[in-house]
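> Have a look at the structure that comes next, please.
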Amino acid sequence: PLPYLLAICFGANAGSVATPTGNPQNMIIGTLSGIPYTRFVAALGLPALVALFVVAACLLWLFGDQLEQPAPASPFTDPPADPQAGTRLSRPEFDPKLATLCLGTMALIVLGFCLGHSLAWTSLVGAALIVTLGRRTPRRLLASVDYVLLLFFAGLFVIVYGIGKAGLAQLLFNHLRPYLGGTALGQAVVFGGFTMALSQLVSNV
């Protein structure tokens, strides 16, 4: 399972660059800058696609021998007649109607983003639509939410907004500006290297 696990982790991280809703960093940038959704995707879609190809090439180079072997048996099986029989996971039941609803709602949400509607409200309307038409108990869905993670990112957004409102970000930029270079390309290289180094030492968030 290792190459597949790495593919999910690296692929999600590389692909999340493409949109303002891909990761918390992009959400902060997209929200505070006011860059339209379509313009953001047009600027970062190609770099994200290139990053995904690089990830795929690296994984094929590292795990090519393993991937050529026959796929291992699935850990899932049909539910046994006796609940006490066996220890393997039961296969989740596929619901075509719910899948169609989710895909259709996702398409409407992306359309709303592209039309310039609020990211937060568009997402909430989509979630409410799925809960209402999907006829699933909201309590079960809400119980699976990682509230610690939500609190962490909510605090992150508050801190970033506070730093910007207090003028600390502008003050820091003014001090660093002489070291960033005079051209757009030079600034991009210096700033990109700076953030990449800190992302490895501290966190990409």
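> Within the accessible area of the chain, what % is carbon and sulfur when the probe is 1.4 Å and the other protein chains stay in place? Mind dumping the intermediate values first?
Numbers: 11260 of 15810 Å².
Carbon and sulfur together cover 71 percent of it.
> Return the Rg/Rh value of the chain, two decimal places, where both radii are evaluated on C-alpha atoms and Rh is the Kirkwood radius. It would help to have the intermediate numbers written out before the result.
Numbers: Rg = 21.8 Å, Rh = 21.2 Å.
Here Rg/Rh amounts to 1.03.
> Okay, moving on. Can you tell me how much longer the chain between S118 and F53 gets when fully stretched, taken as 0.36 nm per residue apart minus their C-alpha distance, in nm with one decimal?
The S118-F53 span can extend by a further 20.3 nm.
> If only Cα atoms are counted, what is the Rg of the range 20-63, and what is its Dmax, in Å?
13.5, 42
> Separate question: In the range 120-160, how does Rg compare with the Kirkwood Rh, expressed as the Rg/Rh ratio over alpha carbon atoms? Don't jump to the answer; show the numbers that get you there.
Working: Rg = 12.8 Å, Rh = 11.8 Å.
With Rh from the inverse mean 1/r over Cα pairs, Rg/Rh is 1.08.
> Could you tell me the calculated FRET efficiency between L133 and V110, based on Cβ-Cβ distance and R0 = 22 angstrom, to the nearest 0.05?
On the way: r = 18 Å, r/R0 = 0.82.
Plugging the Cβ-Cβ distance into 1/(1 + (r/R0)^6) gives 0.75.
> In whole Å, what is the distance between the alpha-carbon centres of the range 21-63 and the range 93-129?
So the separation of the two Cα centres works out to 20 Å.
> Mean separation of Cα pairs under 8 Å and 6+ residues apart, divided by the residue count of the chain: what relative contact order is that in percent? Intermediate results must be reported in sequence, preceding the final value.
Working: 109 pairs, mean separation 29.8, N = 205.
Relative CO of the chain lands at 15 percent.
> Among 116-124, 24-32, how do they line up by average Cβ neighbours within 10 Å per residue, starting with the highest?
Numbers: 116-124: 13.6, 24-32: 16.9.
Averaged packing, sorted descending, gives the order 24-32, 116-124.
> Dipole of the chain (Lys/Arg Cβ +1, Asp/Glu Cβ -1, origin at the Cα centre): which of V54, V125, P1 lies farthest to the positive side?
Towards the positive end, the residue furthest out is V125.
> Run the helix sum for the chain: -39,500 (n - 2.57) per DSSP H stretch of 4+ residues, divided by residue count, reported at 222 nm to the nearest 500 deg cm²/dmol.
Dividing the helical sum by the residues of the chain leaves -24000 deg cm²/dmol.
The values are calculated or read from the model by the stated rules, or taken from the named source; none is laboratory data. It should be emphasised that the depicted structure is a prediction, and the values quoted were computed from it without experimental measurement. Neighbour counts are summed over all protein chains in view; Cβ atoms, including those assigned to glycine, are modelled from backbone coordinates with ideal geometry. Remember, those area values only see protein heavy atoms, side chains included, never the ligands or the DNA or RNA. Shrake-Rupley method; radii C 1.70, N 1.55, O 1.52, S 1.80 Å.
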